[in-house]
Amino acid sequence: ETGVTQTPRHLVMGMTNKKSLKCEQHLGHNAMYWYKQSAKKPLELMFVYSLEERVENNSVPSRFSPECPNSSHLFLHLHTLQPEDSALYLCASSQTTGKNQPQHFGDGTRLSIL
Amino acid sequence: TQLLEQSPQFLSIQEGENLTVYCNSSSVFSSLQWYRQEPGEGPVLLVTVVTGGEVKKLKRLTFQFGDARKDSSLHITAAQPGDTGLYLCAGNGSSNTGKLIFGQGTTLQVKP
């Protein structure tokens, strides 16, 4: 399914680098999400955007900076990351942020911090 | 804090066997969703259960939502190698921001 596309698929960066993850959804949805998936831990919600407005920031360190320029695009800007930030970063979208809405996920960006 | 606990965490079975995966919480959820994630891909929604006691079937998969809406189960009949993957349950949190709380997942391997 190509409804939610994430780029790049893999990223290796040093702790002093600055990089960005990109997510694009072609489903006409109004809500977009960033999740972190680490080994042996549940998926952790990072940010929620509804109609380009951030509605949830789940106590995420400031070295992660999201940006939602329109309802189809979502970015995650990264700077001065730590080794423990190595993980799979998943983007998702849903029609709205209402309850019981199914979320459609991209295939993720596998991030490795050296 | 709302938490979802899945069991077992790992399951390796032979093709044709039956299995059940459990998703439990001490909190009430307005709904629970089940996703399957294959290596190198994102989770894909299988089903959403909303009403306490609800049972939904998807071919050989049967999903049940507990009467008190605190737990759910996934039963697979006659498992196939194509069922291999990570099964995730997720519940709607108490806020109205589409926040999903995920269990830690059950990794299922079905051997031919």
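The values are calculated or read from the model by the stated rules, or taken from the named source; none is laboratory data. Since this is a predicted model, take the numbers as computed values, not measurements. Methodologically, a virtual Cβ is constructed for each residue, glycine included, from the backbone with ideal geometry; neighbour enumeration extends over all protein chains shown. These accessible areas exclude ligands, DNA and RNA; they are computed on the full protein's heavy atoms, side chains included. Shrake-Rupley method; radii C 1.70, N 1.55, O 1.52, S 1.80 Å.
Worth a mention:
- Dipole magnitude of chain B, debye to nearest 20 (Cβ charges: Lys/Arg +1, Asp/Glu -1, about Cα centre): 220
- Charged side chains reduced to their Cβ positions (Lys and Arg at +1, Asp and Glu at -1) give chain A a dipole of some 320 debye around its Cα centre.
- Taking every C-alpha pair closer than 8 Å and separated by at least 6 residues, the mean separation divided by the residue count of chain B gives a relative contact order of 36 percent.
- Take each residue in A:97-106, count the other chain C-beta atoms within 10 Å of its C-beta, and the mean is 6.
- The string of couplings for segment B:104-111 from the Karplus curve (6.51, -1.76, 1.60, θ = phi - 60°) is 7, x, 10, 8, 10, 10, 10, 8 Hz, one whole number per residue in order, with x for Gly and Pro.
- Per residue, the protein assembly as shown exposes an accessible area of 47 Å² to a 1.4 Å probe, with every protein chain left in place.
- Point-to-point label distance, residue B:14-residue A:19, nm (Cα→Cβ direction, 7 Å offset): 4.5
- Sequence-distant aspartates and glutamates (8 or more away, or on other chains) whose Cα lies within less than 17 Å of residue B:70: B:5, B:54
- The simple spin-label model puts a point 7 Å past each Cα toward its Cβ; for residue A:73 and residue A:57 those points are separated by 2.2 nm.
- Under the simplified labelling scheme, the residue B:7-residue B:78 pair shows an inter-label distance of 3.0 nm, with each label point 7 Å from Cα along Cα→Cβ.
- Overall form of segment B:37-100 per C-alpha gyration tensor (a/c, 1.5; a/b vs b/c): oblate
- The relative contact order of chain A, computed from alpha carbon pairs under 8 Å that lie at least 6 residues apart in sequence, is 37 percent.
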